[in-house]
Amino acid sequence: MSADGFGVSPEINREELFADRSLVGTVFCRAYSRRIDEWLQQLFADRLGGRSGISLVAVGGYGRGALSPQSDLDVMLLHNGWNQEDLEEAAQALWFPVWDEKIALGHSVRTIAQSIELASTDLETATSLLSLRHLAGDAELSDDLAEESSRTWRKNRRKWLPQIVDDARDRERTNGEVAYLLEPDLKESSGGLRDINAVQWIEASGIELLDQERRDLRAANDVLLAARVELHRGTSRKGDVLLLEEQDSVADALGIGDADVMMSQVAASARTITWIADDVFLRVRNSLRRLRLRAGKPKRIADHVYLVDGTVAIAPGSPVSTDQALMLRLAVAAAENEARLDRDSLDQLVDHGAEITTPWSDELRELFVRLLRTGDSAIHVVEALDHVGLFTRLLPEWEPNRSKVQRNQYHRFTVDRHLLEASSIASTLTDTVDRPDLLVVGALLHDIGKGYPGDHTEVGIVLIDTIASNMGFTVDDVDMLKRLCEHHLLLVDVASRRDIEDLGTIAAVAEQVRTRSFLHLLAALSESDSIATGPSAWTRNKAYLMGELTRSTDRWLESDGTTTLDRSFPADEHLALMAVHEHVVLGSDQTLQIVTRDRPGLFARVAGALALCDLSIVDAQIHVTGTKALEVLQVADAYEEDNPVDWERAVELVEEVLGNSDDLTPR
């Protein structure tokens, strides 16, 4: 007799299944779901067999047969009006063995009427019932609920479909996009498995999918599900974020070997999912508009381009095969009106679009710059062009950067998305420069060499020489864009590693940037690049240091090198502190001031004490006079920059390490 009083439970042998590495992706999920099916069916037969008016059904992901190793087991005990005491006994007979196996269980006990009532007010319940699958017991009861759930879903489509679309947009805002993130959530990020579910739910409401869309979604699902299964199997924990440190092992488990190749496959699949889902979401919007008396009236917004109901399209009879600027006019119209690109129009451009000759016409180059200057709106427009292969007709050198992962913790995005984000941010800084066109194009191209072998800056300079010339920029402008690529790390590196109050430092930077106009371009590009990289690349301290370096260099260039810099360290107040104290440790706001005896390893002792308080040193200034040292440190919480500093604890630990007489002289 088992602890639950119902006898010995049948064996499930999950470990044997998990250890079988020949089972991957959807094959594993189906095998695991079948194993659970058989186990639950045996449990039901042993403990509830022969009882009428009750059945066990799988719902949600389990109902779809999509169980990954750490997935929840979503089941419902369906009955036709059993009394509460018998229901509790039946539920315990089934749930306790599941818990004993340490499987996360999502469970419910309901009648058909209760299920339908809840599905009419709760989207999660309504969608979970769409994948209802009979497991054991009264099959007719299960079938009746499946049929009624489907009918109720179609009946309530006008209520639920807009929420599905809104939820998808919320997931994108919250979790980013699988195709462009270094560490995507395979399930909840946009272009992930949840978007496939959303499309399936929409299809169940009566909105049709094309056969090719179903095939493409199945293929994309296989790729993401394979990665998810190995992530669960390798880490033995729940969660669907594919962290950087886990990507190599997942790629190895899948037999791919190269994590970059695997992540490119994941990104390509996510692009496909997003492309199809976006079009299906539009069908939802259109289907819900059909009660309107009339559709929107087409509005001409550019040559051969019109806008109707939030979509820009090529006008009938347009010279698609001869008008080289038509693609960019369409793209600019979409970005400036925050509209969708018509899929049929894109197909026309793919099949019959005019060949782009070089150098570009002034119209073509100006449209390209205008597109980039729309900022955030340009990102999805460019990605739509890129998805169908049109963007690489404009910029063939873009191809190796598509979905290319930057495998370090600084970068949030793939190379292509990083470049688009940088250009988008740069579009907000155009009022700080003389040449906005060079800024947004320079931001788009500054890392173009990352998709190629060799040093990305050196390769990028060579590529930009060709790209910018093909775009029709003048020789001087081409040189300016090449120099932006060459020096795009200059200001950040110098500000972070050198004394920005040293005249030699300022003079060296001024010598490389040459002109104030170029300095302003470089500063805006550096800021855009850093912000697009990620929060760790652009802190308040880095922004301050780079800003001070830029202002000092600007003054130097303005005065032809005759300017002098007012040194701020050590300031009079610091010298006074040294004069009054032989030893003192003071902490306030974000600043730690120390006067003490100079000795080897002094800074290391202080840094170690601050690390124990979870504090990072973001700036350090040190001055030594004779045997006395002054340290003025700017600190911040290592995990949340804006958290207040616990100075009582920090000062106590610093005093403790400074009072320690251990010799730190290198041996």
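Every number in this text was worked out from the coordinates using simple rules, so none of it is lab data. Computed from a predicted structure; not experimentally measured. Cβ placement follows ideal geometry from the backbone for every residue including glycine, while neighbour counts extend to all protein chains displayed.
Label sites at residue 26 and residue 45, each approximated as a point 7 angstrom past Cα along Cα to Cβ, lie 2.9 nm apart.
Each peptide in 468-480, 369-381, 266-278 was scored by the mean count of other Cβ atoms within 10 Å over its residues; highest first, the order is 266-278, 369-381, 468-480. Over the chain, the fraction of Cα-Cα pairs per 20 Å bin, rounded to whole percents and listed from the shortest bin up, is 15, 37, 31, 16, 1. Placing +1 on the Cβ of every Lys and Arg and -1 on the Cβ of every Asp and Glu, with no other charges, gives region 395-558 a dipole of roughly 540 debye about its Cα centre.
Computed on the Cα trace of region 403-492, the radius of gyration divided by the Kirkwood hydrodynamic radius gives Rg/Rh = 0.96. Secondary-structure-derived ellipticity at 222 nm for the chain, considering helices only, amounts to -17500 deg cm²/dmol, per-run term -39500 (n - 2.57) for DSSP H runs with n ≥ 4. Cβ-to-Cβ counts within 10 Å put 263, 546 in ascending order as 546, 263, the fewest first. Listed by Cβ neighbour count within 10 Å, with the fewest neighbours leading, 522, 610 appear as 610, 522. The calculated pair-distance distribution of region 326-421 uses every alpha carbon pair, bins of 10 angstrom beginning at 0, and gives 15, 47, 32, 7, 0 percent. Restrict the search to region 68-163; then list the trypsin sites (Lys or Arg not before Pro) that DSSP places in a loop and that have at most 13 other Cβ atoms within 10 Å of their Cβ. Those satisfying the criteria are 102.
Run the reach check for residue 482 against lysines, Cα to Cα strictly under 30 Å, same-chain hits fewer than 8 apart removed. What comes back? Qualifying lysines at Cα under 30 Å: 404, 450, 542. Farthest toward the positive end of the dipole of the chain, out of 660, 331, 506, is the Cα of 331, where the dipole comes from beta carbon charges about the Cα centre. Once the Cα atoms are used to define both axes, helix 540-558 deviates from the longest principal axis of the chain by about 40 degrees.
If you take the Cα centroid of region 130-174 and the Cα centroid of region 423-442, the two points sit 48 Å apart. For a straight C-alpha distance cut-off of 19 angstrom, the lysines reachable from residue 102 (same-chain residues fewer than eight places away being disregarded) are 238.
Size estimate for region 14-155 follows the Kirkwood approach: the inverse of mean 1/r over distinct Cα pairs works out to 15.5 Å. A Förster radius of 51 Å combined with the Cβ-Cβ distance from residue 498 to residue 52 puts the calculated FRET efficiency at roughly 0.05. Compared with the dominant Cα axis of the chain, that is its longest principal axis, helix 139-155 is turned about 50°.
When the chain is described by a simple charge dipole with +1 on each Lys and Arg Cβ and -1 on each Asp and Glu Cβ, the residue from 48, 633, 429 located farthest towards its positive end is 48.
Restricting the trypsin sites (Lys or Arg not before Pro) of region 469-542 to loop positions (DSSP other than H, G, I, E, B) with no more than 16 neighbouring Cβ atoms within 10 Å leaves 498, 514.
Against the chain, whose longest principal axis comes from its Cα atoms, helix 84-100 is set at around 50 degrees. Please compute the contact order of the chain in relative form: average sequence separation of alpha-carbon pairs under 8 Å and at least six residues apart, divided by the residue count, as a percent. The normalised contact order for the chain reaches 7 percent. What the Kirkwood sum gives for region 395-558 is a hydrodynamic radius of 15.9 Å, with every pair of different alpha carbons counted.
Whole Å is fine, so just give me how far the alpha carbon centre of region 318-386 lies from that of region 547-612. The distance from the Cα centre of region 318-386 to that of region 547-612 comes to 52 Å.
Which of the lysines could be linked to residue 159 by a straight reach, that is with a Cα gap under 29 Å, when you skip same-chain ones fewer than 8 residues away? The reachable lysines, counting only those whose Cα sits under 29 Å from residue 159, are 187, 297.
Sparsely packed loop sites in region 551-625 (the trypsin sites (Lys or Arg not before Pro) outside DSSP H, G, I, E and B with at most 12 other Cβ atoms within 10 Å) comprise 567.
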